[in-house]
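The values are calculated or read from the model by the stated rules, or taken from the named source; none is laboratory data. Just so you know, these numbers come straight off a predicted model, no measurement behind them.
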Amino acid sequence: MPHDQDIEGDTSGMTSEYECLQCGKIVRAETHPGECSECSGDFHNRAKSLE
């Protein structure tokens, strides 16, 4: 498949890793998990740059 074409299809069920920016807890979720259950900190998708 050429690199300039998007992959079509069902993306539901795909999970990402999220890391709490305060305590470092890592969770896997299909959507943004909200607040950390350990410290109420914000989660960041680990696949995306912090910049």
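When restricted to residues that are assigned to a loop (DSSP other than H, G, I, E, B), under 10 Å from TYR18 (Cα atoms) and not basic (Lys, Arg), segment 37-51 contains 1. Just so you know, in segment 1-29 the residues that are among the aliphatic types (A, V, I, L, M) and modelled with pLDDT under 90 include one that is nearest to PHE43 (Cα to Cα), and it is MET14.
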